[in-house]
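Working notes for the structure below.
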Amino acid sequence: MNVEQVREYTLSLYGVTEDQAFGEDILNFRLEGKIFVCLWLGGGKYDMQDGVSRIALKLSPDRNIELREQYSAVTPAYHWNKTHWSDVYYEQMEDSLVKEWIKESYTLIASKLPKAVRQKYL
């Protein structure tokens, strides 16, 4: 996947909005105001690995540990709570895995919403 494909897929999920609350080099994707994906656009102060593209995903603590042990392209998130967030260097991963993990992050956030709101997304 490239940056546009990640953006398009994430925005295709029902109810997702985007903003740039942290500056011009980061796109935040939210569900009901809760961030579940941050897409680094390159440059700026968040450049970690010589411009290698990445997203930060919110996943369960156990899932983060599992993915980090299994894939070298999944690391603790640079600028987020490392228990709940992982950086995924998506260009180094299969598209299907990246999409699966974005959807998993979306579902995690949706599952924590109030019941009346949650029903729209699950």
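Structure above, values below:
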quantity: Accessible area per residue in Å² at 1.4 Å probe, computed on the chain; calculated: 54
quantity: Under 12 Å from the Cα of K34 - aspartates and glutamates, other chains or at least 8 residues apart; calculated: E18, D19
quantity: Ratio of Rg to Rh over the chain (Cα coordinates, Kirkwood Rh, two decimals); calculated: 0.94
quantity: Share of carbon and sulfur in the accessible heavy-atom surface of the chain [1.4 Å probe, %]; calculated: 48
quantity: Under 5 Å, built H, 5+ apart or other chain: amide partners of L41; calculated: I26, L27
quantity: Eligible lysines near K99 by straight Cα distance, threshold 17 Å, same-chain separation 8 or greater; calculated: K58
quantity: Highest to lowest packing among 84-90, 25-31, scored as the average C-beta count within 10 Å; calculated: 84-90, 25-31
quantity: CD proxy at 222 nm, helix term only [per DSSP H run n ≥ 4: -39500 (n - 2.57); per residue of the chain; nearest 500]; calculated: -10000 deg cm²/dmol
quantity: The stretch 67-122 shape via C-alpha gyration tensor axes, a/c threshold 1.5; calculated: oblate
quantity: J(HN,Hα) series, the stretch 18-24, from Karplus relation 6.51 cos²θ - 1.76 cosθ + 1.60, nearest Hz, glycine and proline x; calculated: 10, 7, 10, 5, 9, x, 5
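The values are calculated or read from the model by the stated rules, or taken from the named source; none is laboratory data. Just so we're clear, the structure is a prediction, and the values are computed from it rather than from any experiment. A quick note on method: Cβ atoms are made from the backbone with ideal geometry, for glycine too, and the neighbour counts reach across all protein chains shown. Note: areas computed on protein heavy atoms with side chains; ligands, DNA, RNA excluded. Shrake-Rupley method; radii C 1.70, N 1.55, O 1.52, S 1.80 Å.
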